[in-house]
Structure formats: structure tokens, C-alpha cells
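I have placed the structure first, in the form of C-alpha cells, so that the comments after it can refer back to it.
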Amino acid sequence: MRFAYSERSIMRKSSGEPKSIEAEIESSNSEEQEPAEGPDVPQTDEALQDGGANAEGAQPDDWWSASHQGGDWGESATGDPPENTTPSKEARTADVYFCGHSSFFPLNRALQVVSKEKLTGLLRAFWEKEPIDLLARDGEIVFVTTKDPELYCAETPAVLANVDEGSAANARDQQRETGIPFFLVLAGEDLITRESAVELMQQFGQKLFSQLWVAPKVWIMFEKNADLPTDAAEIPGEQNVRDWALETLRLAENVDEIAHFDPASIPAYTKDGFERVQKLKLTPDEAQFASQFNGARSVQQIAKNLRLDLKSARQMLFRFVALEIVECWPASTAAKSEQRGIFQRFGRMARRDR
């Protein structure tokens, strides 16, 4: 994928400060009376951290660190791609930095590796539709695109009202061939402003990526040192990948079709979940929802406390689970933990009485 243009750089917008939820948590805990000692629900996210380790016992953090010289994509990837997907057949000279199924390498984990390692290249997602490419530069997200312009943007934005149909159709045809967002093609021909093109790419790129969160099968890989646009430095990158990911989750549709959380299940922060949520810019509703995670309240109880229907509660919970901030434990797990806690307390009392 390669294109060229030449105009002045656009200043990057400030991402702002993340909204703290500590006040929400303190308020939530003070308003609702809880037992003196809640169930000792496990708070570890070892299962998530071990997702990158293979069956032969690779270290959890090693799944993304090894680069492989790639020929054809199918030869570079380990395992089989999801059904009904057609990986690229063209020869590749880029290094495959990591690859795997999203059930083992979550999308959020992949995004955070790109950010943490300040990678430059393409994060490619293969699924039942045309592959989706995320262009990264020094760990920042530049834009998201695909060679299917209808999947990318089926509508006609108001900005294009004065663009003749022939020019718009030609720009879409170029996207089919190269993957270059047709907004950039139009900007290169001075049919729309560069600022408008960048704004539209951000909007429709996030909307495009949001579909991957609810896709049943996604095979991802990162091509380090892949062919990048000639003047990619001219496009401002999104530095705050966490908030970018959260915004795409807010745009995800039909979440209720896959967010089948048991109403009796217990959302609990993962090992690093509370630290992660502090760095996010949450909406007031999200901050209130996050304040309810104490390892004892069920999904149903949280929905009742916040006067939410279960469908809305599941949809919001899905965002925190996808960002690996919380895990949902079965209600039986909490009950067993509470029972063990009671027996342990009785045991300690018995030893003291001896």
C-alpha cells in the first residue's frame, strides 16, 4: 500500500486528561451497605496474560516479541486463519512481528503492544469480510482502511456534496486497488480539504475497526516495516491508543448478540484493571458503572443499582471486558470463595482457643 501527497502537516489535537473514577467508587461503596467481609473472589488476570503462551509453555510476554521473516502470509502465520477469509496472496518482504487468532491474542492486547513497543507498520485483521488494515507509526494510530470502499463508507458524507459523482467513483475505485482511503484521493485532487479528509478518515476508520470487536473470528498479524504511504508523516497520529480503542467499542453495533453475560456473574477487576481504568477518559455513565466493580456485586445487582436494563448493562460491561479491565466470574465461584473464607475464619478461631 503506497501513496504520495504533499501539504503542510496538521497539528495533533490534545488528548486531554483521563477522568478519575475514585470519587465514584468511594460514593458507590458508601451508599450501599456491604457485608463486613465480601467473598474472596480471585482478582488475577493470569488467564489473559497467558493467552499469548502456546501449549508448549512459552512465556506470556513472548508471544509478540519474536519477529519472523515472512514470505507469503499463510507461511508466516502459525495455525489456520478463520474460515471464509482469504489472506493476501501477494509476496511480502515485511517482518511479521506477531500473529494469531483474537481468541488467544485479544485485539486490545495487540493494540497495546503496538503502542508500548512504538511499532511502525500494519496491523492486519482477516475475517469473513475484506481484511482491515490499521496503519501505525511509532506506536501511534494513523488511520484504518480496507480495499472495500462500501465496507469503509457506504454513505455519502455531507462534505462530498459538491464532489461530482464521477470523481467520487474514481476515488473509490482507487481504494479498491490500493487500499488508500478515498477521502485522501479526493484531497489529493483538491476536491475536498486535507483537514476534512483527515477528520473523515478518523471517523470512518474507528467505525470500521469497531466491527472487529463483535466479529466471531478474527485472525490478526502485525507487519513491521511494511510498505507505508510515502508521506505518512503528514497525517497526524493518535497517540492515546487506550481511549481510541474505547471509542471504537462505543461505536460497536449488535453487541448484545455476543455479550451473553450471566446476570448472576460477578465482574471483578483484573490484576492491572483498576490501574488501566484510571487512565481512560470515561463518560459519566461509564465511570459510575466502573465504580460498581468490587468483586461481590453481580451484573444484575449493578444494573439495579444504576437503574439500567440488563441489555444496557451487558453492552457497557462488554467494553470493560474487551479492554481487559474486568473479568466475569461465575456466581458459584464467589460462593465457594465466601465459604472457604468462613471455614478459614473458624479455623483461625479454633486455633486461638486452644
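The values are calculated or read from the model by the stated rules, or taken from the named source; none is laboratory data. Owing to the predicted nature of the structure, the values given are computational and were not obtained by experimental measurement. When we count neighbours, we look across all protein chains shown, and the Cβ atoms used for this are built from the backbone with ideal geometry, even at glycine.
From the list Phe293, Phe289, which one is among the aromatic types (Phe, Trp, Tyr), closer than 22 Å to Glu247 by Cα and not in a helix (DSSP H, G or I)? I'd like the intermediate steps shown before the answer.
Numbers: Phe289 fails: not in a helix (DSSP H, G or I).
None of the other options fit; the residue is Phe293.
Do we have Arg276 as surrounded by fewer than 23 Cβ atoms within 10 Å (Cβ to Cβ), part of a helix (DSSP H, G or I), in contact (Cβ under 8 Å) with a residue 40 or more places away in the chain and within 20 Å of the chain's Cα centre (by Cα) here? Criteria met by Arg276. Which is modelled with pLDDT of 95 or more, farther than 19 Å from Cys99 by Cβ and aliphatic (A, V, I, L, M), of Leu151, Leu134, Leu111? Result: Leu151 is the single residue among Leu151, Leu134, Leu111 that is modelled with pLDDT of 95 or more, farther than 19 Å from Cys99 by Cβ and aliphatic (A, V, I, L, M). Does Leu246 qualify as being modelled with pLDDT of 95 or more, under 20 Å from Val142 (Cβ atoms), surrounded by fewer than 18 Cβ atoms within 10 Å (Cβ to Cβ) and not assigned by TED's automatic domain parsing to the domain that holds Ala168? So Leu246 fails the test. Cβ-Cβ contacts under 8 Å between residues 6 or more apart (or on different chains), taken from a first residue in segment 307-323 that is on the phi < 0 side of the Ramachandran plot to a second residue that is surrounded by fewer than 16 Cβ atoms within 10 Å (Cβ to Cβ) and in a helix (DSSP H, G or I), are listed as Lys311/Asp256; Arg314/Asp256; Gln315/Asp256; Met316/Asp285; Arg319/Arg250.
Please specify each residue of segment 210-227 satisfying the condition of being assigned to a helix (DSSP H, G or I) and either farther than 13 Å from Ala245 by Cα or assigned by TED's automatic domain parsing to the domain that holds Glu257 (or both). Those that are assigned to a helix (DSSP H, G or I) and either farther than 13 Å from Ala245 by Cα or assigned by TED's automatic domain parsing to the domain that holds Glu257 (or both): none in segment 210-227. Screening Phe204 on (1) farther than 22 Å from Gly188 by Cα; (2) touching a helix residue (DSSP H, G or I) at 6+ places or on another chain (Cβ under 7 Å); (3) modelled with pLDDT of 95 or more shows it passes everything except condition (1).
Residues are listed down the side, and each one gets a yes or a no for (1) of a type outside the set (A, V, I, L, M); (2) over 20 Å from Ala252 (Cα atoms); (3) at pLDDT 85 or above:
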| site | (1), (2), (3) |
| --- | --- |
| Gln292 | yes, yes, yes |
| Gln301 | yes, yes, yes |
| Lys304 | yes, yes, yes |
| Leu310 | no, no, yes |
| Val321 | no, no, yes |
| Arg340 | yes, yes, no |
| Arg345 | yes, yes, no |
